[in-house]
Ligand code: SF4
């Protein structure tokens, strides 16, 4: 169960705004967290508390394939992302690195709402508005990757992909 | 079967060995893969963490140092060293600084062929759809899995057909057509789907222009983009994969190319596309001809034809980054580069250059840039206080000449 406060952003947040290209060339993960979302919201770092939830509209994470985007969000302490839908590379990247992401079409979560998320069943309870949302179901192979905590532990365990 | 297949369905079926239709989940053997200095270090790290010791097939894996090359600082220099060491240890190809932009290098060196499944750790990998390949962009960890297993898991995409009628007018190019298509589909309109280009307007296009079309499907959120190989000319024999007449498409968009005037993508999104006429006269200070979208030999020649015997406007700088070493050699051999430099252009290294804001020409605050690249997001070129317009090489050259956004057809 994840409990946290929602930080609401809009549609089409691209990966250049999540982490600008000039900061991506590094293996120092904490330096990515220092600059996350800075062009989009210069106050992000002050506002954000570890465990908070990032909420967006359509097409979150479009643009560059940089995995540094979900890595930076995870390193900053985001517990979960909720969007109406994601750009495909970002979505795969987030699952692969073990950052919880939920696709919740039609949600109306507002900035500051208190949320309670049941990751296992994909249920988002909006405590501030008193409503409940169900996320879309992941393909089986993605659920297996999520269950192992990401693609690295998945492949360390199985050595190869498997689809029943 | 009863119904035909799209190009993507045919390529995936040929690779999985069983009928693969839109929506099917499949594990696909990958013919080639690639990572750059932005994505390779993380991929190499993930490969090791997965327990990877040797690459599944070193002859199918390519490293390219292009995004910040030559290294602008010691941190990036060390990442480049890591890539060189890895290539040396594993026996895979390393395309070092000056080789060019990853996508151009893969095509120049024939590392991707028609009908291939190719995974690149860069979002513009669909560019190879110009050759009739099924090519997708992935992140570093997905790529590490390809390095380890030689495979990727995918959901076979539904396909959007873009039918381009007529023939492009003289001053409009593949870039104008591509921008019009991005506008029609919007920045998220092809998410999880493939895009297939068909029609008389694309049949006459060169490989270079087809690459521009496929390059910009990334700006629609597409999984891949393929130009129907009808009319495609390559310097080697190849087997083309065509869509069936009765292939099933998710939707069809039609564009009348014959009336298409030069387009411009207005800040801050590549789908914010308009007729350049409406912006004619907007002052610019910085013009960039480069990137995997439009920095090939034909692009540079278009610019040289506009600038021959003239000089760019006072107060404007024109930066040119050829797409690859081969492009640079060709542009030197026929005098194209000389013409551009005499007109006042600044030549920089073959590579990504200022496209991604890592180095080599970051714009200042309040500057207005006109560029042949593919993205004009806020901060894309390294400064969120600059604005970026996207257009064809002809538009950028004509604008550099006058110092303001200029319709090259006038
Ligand atoms: S030229 Fe620009 S868009 Fe193309 S691969 Fe390089 S950084 Fe990416």
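Throughout, read-outs are computed from the coordinates displayed, never taken from laboratory work. Being a predicted model, the structure only gives us computed values, none of them experimental. Note: ideal-geometry Cβ built from the backbone for every residue, glycine included; neighbour counts use all protein chains shown.
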At q = 0.18 1/Å the base-10 log of I(q)/I(0) from the Debye formula over the alpha-carbon atoms of chain A is -1.13
Going from the fewest other Cβ atoms within 10 Å to the most, one would list B:208, B:350, B:33 as B:208, B:350, B:33
Quick check: Cα centre of the range B:1-56 to Cα centre of the range B:204-261, how many Å? 21
Label residue B:206 and residue B:85 with points 7 Å out from Cα along Cα→Cβ: what is the distance between them in nm? 4.2
Hey, what did the range A:40-146 get for relative contact order, percent, Cα under 8 Å, at least 6 apart? 21
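Can you put B:195, B:117, B:28, B:396 in order of Cβ neighbours within 10 angstrom, beginning with the fewest?
Details: B:195 29, B:117 25, B:28 22, B:396 33.
Fewest to most other Cβ atoms nearby, the residues stand as B:28, B:117, B:195, B:396.
Rank these for me by crowding, B:61, A:60, A:85, going from fewest to most other beta carbons within 10 Å. Spell out each step's value before the answer.
Numbers: B:61 25, A:60 30, A:85 20.
Exposure proxy ranking, most exposed first: A:85, B:61, A:60.
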Cα-based Rg and Dmax for the range B:138-178, in Å, come out at 18.2, 48
Percent RCO, i.e. relative contact order, over chain B, from Cα pairs under 8 Å lying at least 6 residues apart: 18
Across chain B, what fraction of all alpha-carbon pairs, as a whole percent, falls in each successive 20 Å bin from zero upward? 29, 59, 12, 0
Most mobile listed residue (B:282, B:38, B:186) in chain B, GNM with C-alpha springs under 10 Å: B:282
Cα convex hull volume per residue for the range B:187-277, in Å³, equals 119
Need one number: % antiparallel among DSSP beta bridges in chain B, to the nearest 5. 20
Can you give the Kirkwood hydrodynamic radius for the protein assembly as shown, in Å, rounded to one decimal and based on Cα pairs? 23.7
Per q in 0.14, 0.22 1/Å, what log10 I(q)/I(0) does a Debye calculation on the alpha-carbon atoms of the range B:1-95 return? -0.65, -1.03
Would you kindly calculate the mean projected area, averaged across all directions, of the convex hull enclosing the Cα atoms of the range B:168-237, in square nanometres? 4.8
How much mean residue ellipticity at 222 nm does chain B get from its helices, if each DSSP H run of length 4 or more adds -39500 (n - 2.57) and you divide by all residues, to the nearest 500 deg cm²/dmol? -8000 deg cm²/dmol
So if I take the centroid of the Cα atoms in the range A:73-151 and the same for the range B:340-389, what is the distance between those two points in Å? 35
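How high is the FRET efficiency from residue A:121 to residue A:162, r the C-beta distance, R0 22 Å, rounded to 0.05? Write out the running numbers ahead of the final one.
Values: r = 24 Å, r/R0 = 1.08.
Step by step, r from the Cβ atoms, then E = 0.40.
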Volume per residue that the Cα convex hull of the range A:116-164 spans, once the total is divided by residue count, Å³: 72
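How high is the FRET efficiency between residue A:137 and residue A:2 when r is their beta carbon distance and R₀ equals 22 Å, given to the nearest 0.05?
For R0 = 22 Å, the calculated efficiency reads 0.75.
Once R0 is set to 35 Å, what does the formula 1/(1 + (r/R0)^6) return for the Cβ-Cβ distance between residue B:184 and residue B:109, expressed as a FRET efficiency to the nearest 0.05? Present the calculation step by step, with values, prior to reporting the outcome.
Numbers: r = 34 Å, r/R0 = 0.96.
E(calc), rounded to 0.05, equals 0.55.
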Given the options B:289, B:162, B:65, state which has the largest fluctuation in a GNM of chain B using a 10 Å cut-off (strictly under) for Cα springs. B:162
Inter-label distance for residue B:238 and residue B:73, nm, one decimal - labels placed 7 Å from Cα along Cα-to-Cβ: 4.0
Residues in the range A:1-37, backbone N under 18 Å from the label point at residue A:114 (7 Å along the Cα-to-beta-carbon vector): list them, ranges by number please. A:1-8
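Quickly estimate the mean residue ellipticity at 222 nm for chain A, helices only: each DSSP H run with n ≥ 4 gives -39500 (n - 2.57), and the total goes over all residues, rounded to 500. Kindly include the intermediate steps, with their values, before the conclusion.
Numbers: 7 runs with 50 residues, N = 164.
That calculation yields -7500 deg cm²/dmol at 222 nm.
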Highest GNM mean-square fluctuation, chain A, Cα pairs closer than 10 Å: which of A:12, A:106, A:126? A:106
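Report the antiparallel proportion of the DSSP beta bridges in the range B:263-402 as a percent, rounded to a multiple of 5. Please list the in-between numbers first.
Numbers: 4 of 18 bridges.
Taking every DSSP beta bridge with both residues in the range B:263-402, the antiparallel ones total about 20 percent.
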If only Cα atoms are counted, what is the Rg of the range B:263-402, and what is its Dmax, in Å? 13.6, 39
